[in-house]
């Protein structure tokens, strides 16, 4: 039997063919009118994709680079900040804020859980310069209540900084309506291109905070980027091919809604949410336990394996038998859960393919009492209800 590799990891995600073609043809210099026109178009599209009237900047780095920029640009050594952490990437916020000399208060929940807003409210102090959190905690496949936290900060001087790297394109984030000051995205997620670009929206409130920040910054000086990107250039050499690919991907998303990028973004979110729900239903039908049943992410699903089993065995079996690549758990969850993605260039038939493969793994590798078709049938029921006219 031939095997086609299928990437089901929550980043990098499957590449959009149109973006691949655009990247292959992107042999243009970055200090030319041609690139400036492309870059300004992409920046304008990103504002629509993020859903904001705020400035959106594009950086040649991974999402972590934009996370670092959102600390170094708006804080000073000794500033007090609050970090909400419930997974590996929440812990990254703790490490980053400490690295830049912040006094870090933490609201921490166990992996697989989300925050109680009453706990967050009790932890908030008027002197907090910023609150840092995830929209979607990729390591545990949990969605956090960005809107609820934003309500707690309404009318205060505290900035809200959200890692939306797997949240954008998979869940609703009303950036301007909720008053989110910084939202971060990454190229290897819902926008369906390779790693190497990060983007972030920045509110006027956050720009003002940068004027008094005393942290050192050079490559990640957002004020410098704002000045240059307003003219269609970057402060330093950009990832030209990735910018071209991003433009093609945003065109594709708009094309899924008749050329309307805002509606295309909503359709992309709906697609992720339906596939996530269908996947969860199929896995539960097979007897698996969802790791995050209370507030699941639309970006990925985390699955707990039976007691005494290493989740790596499932990941390896899927790859060996079907060339289907999923992700093991991260940090303390390695060996305990595996994760399957729904963000970006996935459709319903990809979900059916994954669940069909999982039926074989559950029966042949895990020895579960499986009847072929039961996971797929559960997913079909979800899909039918979600798409019923």
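The values are calculated or read from the model by the stated rules, or taken from the named source; none is laboratory data. Please read all numbers here as calculations on a predicted model, not as lab measurements. Glycine gets a Cβ as well: all are built from the backbone with ideal geometry, and neighbour counts include every protein chain shown.
Observations on the structure shown:
- Some residue of the range 39-57 being more than 30 Å from residue 177 (Cα to Cα) and not in a helix (DSSP H, G or I): no
- Meets criteria (crowded, with 21+ Cβ neighbours inside 10 Å, free of Cβ contacts under 8 Å to residues at least 60 places away in the same chain and over 15 Å from the mean Cα position of the chain (by Cα)) for residue 152: no
- Taken over the range 169-189, the criterion of being free of Cβ contacts under 8 Å to residues at least 60 places away in the same chain and outside any loop (DSSP other than H, G, I, E, B) is satisfied by 177, 178.
- Hey, residue 282 part of a loop (DSSP other than H, G, I, E, B), closer than 23 Å to residue 139 by Cβ and either touching a residue at least 24 places away in the same chain (Cβ under 8 Å) or in the same structural domain as residue 53 (by TED's automatic domain parsing) (or both) or not: no
- The set of residues in the range 328-344 being more than 15 Å from the chain's Cα centre (by Cα) and either touching a residue at least 24 places away in the same chain (Cβ under 8 Å) or outside any strand (DSSP E or B) (or both) consists of 329, 330, 331, 332, 333, 334, 335, 336, 337, 338.
- Entirely in the range 63-140, the helices (runs of 4 or more DSSP H) that have 3 or more residues that are crowded, with 23+ Cβ neighbours inside 10 Å: 63-72, 88-99
- Boolean, residue 270 is more than 19 Å from residue 379 (Cβ to Cβ) and at pLDDT 95 or above: no
- The residue of the range 300-314 that is nearest to residue 365 (Cα to Cα), among those that are in contact with a helix residue (DSSP H, G or I) (Cβ under 6 Å, 6 or more places away or on another chain) and in a strand (DSSP E or B), is 303.
- The residue of the range 315-327 that is surrounded by the most Cβ atoms within 10 Å (Cβ to Cβ), among those that are assigned to a helix (DSSP H, G or I) and in contact with a helix residue (DSSP H, G or I) (Cβ under 8 Å, 6 or more places away or on another chain), is 318.
- Selection over the range 357-382 of residues that are surrounded by fewer than 18 Cβ atoms within 10 Å (Cβ to Cβ) and either out of contact with any helix residue (DSSP H, G or I) (no Cβ under 7 Å at 6 or more places or on another chain) or modelled with pLDDT of 95 or more (or both) gives a count of 11.
- The range 350-365: number of residues that are touching a residue at least 40 places away in the same chain (Cβ under 8 Å), within 26 Å of the chain's Cα centre (by Cα) and either over 14 Å from residue 288 (Cα atoms) or not in a helix (DSSP H, G or I) (or both): 4
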